[in-house]
Structures are given as C-alpha cells and as structure tokens.
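Below is one structure, written out as structure tokens; comments come after it.
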Amino acid sequence: MKASALLGSGLVATALVTGCGGDDGGCPTADCTLKGRTVVKWSFNAYPERGFSMDSCSDMGVAKVSVDVQDADGVVTSLVEDCGIAQAVFSGLEPGDYTVFVMPLDGTGAVMLGAPITGTVAAGTLEVPTEVTVNVPYEAWPPGYDGTFLFRIAWGGVSCDASTPVIKDQTIKLVVNGVPQTLTTDDGQMTNGSDKKPCKKLTDEFPQSVLNVPFGPATFLVQGFDDTGTMTFGTSFETFVGAGISNPTLKFDVPLM
C-alpha cells in the first residue's frame, strides 16, 4: 500500500475515533458515521461576462437563505442559513440527483422572490463531496432596487493623457434595461452621450460615479476626442449596474477607432 493511502486511512480512522468519543466513550450524536457532503452555494446577480462579480447580501437586503433539495421520489431536505455564510451543507444525502431550490429571506423571514431559483446537484460521498452554485438573476428580484455605477476609462490600455493621440474630451452614454439614463456623474458629466467633458485620468484618486442608477444589465457607450475635436476612440460595453452604494469599480478600455 502507498504511503499516501496509509496516511489517508490513518486520517479516516482518527476521525472515526475522535468523532465517536475514542477511548473515553460516548458519542456526541446518535449517529457517528462519517457522511458525504453536498454543498449548495448561492450568489446574487453574478455576471462575470459583463465584468460584474456579484451583489452582496446587504446590497439586496437578504438576511437568510432557505435551501431545499428534493430527490427523485419527491423527498425534501431543508436548511436555512445566514446569508453571509454563502452556502448550505447537506450531510449524508442518499445517492442520486437532487433538484435544488434557493429562496432569499428578508429580516422578518419573509420570502423575497416570486419563486425559488432552481439548480441540480448529485449527492456527495465521503470521498468525493459535491457542490453547486445557484445564481439568483436580476430579473427574479422585485422592482425598486437601484445602485451606484462606478467606473474608470482607459484609452488603448493607458490614461487619456498618455494615449496616442492624446484624448482631450470624452462623452459617455448609459443605457439600463434598454432605457437611456439622463443622470449626472459626481463630477458633473451627463450620461446622455452628448455632454462633452475633459477626460478623467486613470491616476485620479477616485473613479467617476453615478448615483441612483436603476439596477440591471446596461450598455455603456464611450467616445474620446483629440484636441481638434475629432473622435479617435470609441466603443460600447455590455455591463451591469449592481444594487446598493458599494459596488465594484468597473474599468472600461476603449479602443482606437
């Protein structure tokens, strides 16, 4: 037998002795058998393809998350965990595939969605634990959320003052859920696509930001103009506006046209 196998056997044996009381007798639970683990994780509005990692529990006002797993015979096993734990661990599920139901709960314990978000997972074993992540998509949440859109703009990978040609002015246009936004950044630039303002350097201490933007998928159009007023850089980006005020700063790299 290989040394690694001997070590693994020793660890399992130690776990069995420790978990079931060892020499001092007494088992802390009625069943001391080591069981497989099936882990259900959750995320809120995770859209990495749009450059947005996810929203937090506090962003969405979620206190706890209820997770049900249902086997092929309709038998349901349930757990409720604090939202910040970000997972529910089921121990000793019978072998087979399970349908997963994830429901966020508010501070009063009330459900926050019209229906749970579903996924699938196979029961884990002692040797091979399993896990699944269920993302609650933006369209599942009730209306009324908004958030801060924070961003920095690069031009061909560099700051506007280092680009070729140098960018003097920029325009930005923000469209959320198909609706153009007539909002203003913290430094006074409108998001309508026609408000030409001096470019913001990447080295500025703070990113540009727009408050109270509707929550959801967005298109961000950026144009850069040289000192003659000629548009030399420009493109659009598919992005996402998260809920709450403490969203990640998104970086958009505009190519030369």
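The values are calculated or read from the model by the stated rules, or taken from the named source; none is laboratory data. Owing to the predicted nature of the structure, the values given are computational and were not obtained by experimental measurement. Here Cβ is always computed from backbone atoms with ideal geometry, including for glycine, and neighbour counts include all displayed protein chains.
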Check your understanding: Considering only residues of segment 198-246 that are outside any strand (DSSP E or B) and among the aliphatic types (A, V, I, L, M), which is farthest from the chain's Cα centre (by Cα)?
Key -> 202
**Study point:** Residues (of a type in the set (A, V, I, L, M) and surrounded by 17 or more Cβ atoms within 10 Å (Cβ to Cβ)) located in segment 205-257
**Key:** 210, 213, 218, 221, 222, 241, 243, 250, 254
Point to revise | Subset of segment 164-197 [crowded, with 16+ Cβ neighbours inside 10 Å, within 25 Å of the chain's Cα centre (by Cα) and in a loop (DSSP other than H, G, I, E, B)] | key: 181, 185
Exercise for review: Kindly list the number of the only condition in (1) assigned to a strand (DSSP E or B); (2) closer than 25 Å to residue 50 by Cα; (3) under 20 Å from the mean Cα position of the chain (by Cα); (4) not hydrophobic (A, V, I, L, M, F, W, C) that fails for residue 81.
Suggested key: (2)
Point to revise | Subset of segment 55-78 [touching a residue at least 24 places away in the same chain (Cβ under 8 Å) and under 18 Å from residue 132 (Cβ atoms)] | key: 65, 66, 67, 68, 69, 70, 71, 72
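Okay, residues lined up against (1) outside the structural domain of residue 150 (by TED's automatic domain parsing); (2) closer than 24 Å to residue 217 by Cα; (3) at pLDDT 95 or above; (4) not β-branched (Val, Ile, Thr):
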site	(1), (2), (3), (4)
60	yes, yes, yes, yes
63	yes, no, yes, yes
67	yes, no, yes, no
92	yes, no, yes, yes
114	yes, yes, yes, yes
Point to revise | Conditions (1) in a strand (DSSP E or B); (2) more than 23 Å from the chain's Cα centre (by Cα); (3) crowded, with 19+ Cβ neighbours inside 10 Å: number failed by residue 134 | key: (2)
